[in-house]
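Data first, discussion second: the structure below is written as structure tokens.
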Amino acid sequence: MGGVRILVVQPSALDPVGTLGDWLTGAGAQLEVLVPAEQGLPDELTGFDALVVLGGEMSAYDDADHPWLADVRRLLSRAVAGKVPVLAICLGAHLLAAATGGQVRAARKGPEAGTLLVAKRDIAMEDPLIGPLPLTPDVFQFHGDEVSPLPPSARLLASSPKCENQIFRVGDYAYGLQFHIETTTEVVLEWERSMPEIAEVVRPGQLEPDYLDAFHEDLAETWRPVAERFVELAATPPADRPVSRHLPLV
């Protein structure tokens, strides 16, 4: 997979690329990490084979306080139009939805946080990235907003009882993940300190360091292969990439 270049957009210091970055580089990718509030963003993805957008404490429409959010949405829109593979996590998924015709709002059932499961939908079975996952993979949730409705061109690949739109794909190669796979124990504990209003819904014991250490070992077993498949997708010439047979949700 040598030569695959991935642009990583990091909206917040609270959510670094973490272990996801290790998995991507371990699969042969070269990462360029940009903090848009400090460094800005390119207008185009020229020279990059894929785009990753991470999470943050802001909301998808907080342009008044974070004017660079519009630049992230614009870049995501251009990535989808150009069929550049995208992996967008939590806030990144919200921005992907907002950039492609969906909407983001405060979660109707309240914040979702902790070590939880999501359930794959039948349509996900043929997906090149999500298909090989277990039926109910472990994830780490930490969000107060949700995507609803999905963009018109989106396919829903996984759900949870509290928040329906957990994994979605826009077009053939842009994936939105409502949850986190990039966290470490240290990152989660910092979120507990900095965002107590969300952390208070976590089940007792799930924020203990020993518990989180064990959880992240299991998380790596499940999600490292997804990162590896994402690098493989980015390395595959567009004409040779798989295309879904299913029509989008409308």
Positive minus negative residues near Leu20 (Lys, Arg vs Asp, Glu; Cβ under 12 Å): -3
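Report the relative contact order of segment 161-250, percent, no decimals, based on alpha-carbon pairs under 8 angstrom and at least 6 residues apart.
Details: 35 pairs, mean separation 19.2, N = 90.
Across segment 161-250, relative contact order equals 21 percent.
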Cα gyration tensor shape for the chain, rounded if a/c is under 1.5, else prolate or oblate: rounded
DSSP beta bridges in the chain [antiparallel fraction, %, rounded to 5]: 55
Cα gyration tensor shape for segment 1-113, rounded if a/c is under 1.5, else prolate or oblate: prolate
At q = 0.23 Å⁻¹, base-10 log of I(q)/I(0) for segment 54-167 (Debye sum, equal scatterers on each alpha carbon): -1.46
Potential extension, Arg105-Val33 segment - 0.36 nm per residue separation minus Cα distance: 23.2 nm
Average Cα contact separation per residue, segment 1-120, under 8 Å, 6 or more apart, as relative contact order %: 25
Rel. contact order, % - alpha carbon contacts under 8 angstrom, at least six apart, the chain: 22
Spin-label pair Glu200/Thr136, simplified geometry with 7 Å Cα→Cβ offset, distance in nm: 2.9
Pairwise centroid distance, computed over Cα atoms, of segment 180-210 with segment 61-113, Å: 23
Under 30 Å from Lys83, Cα to Cα: lysines that are on another chain or at least 8 residues apart: Lys120
Cα gyration tensor, segment 14-72 - rounded (a/c under 1.5), prolate or oblate: oblate
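Here, each number is a calculation from the coordinates, and none is a lab measurement. All values derive from a computational prediction rather than experimental measurement. Cβ coordinates were reconstructed from backbone atoms using ideal geometry, including for glycine residues, and neighbour counts include every protein chain displayed.
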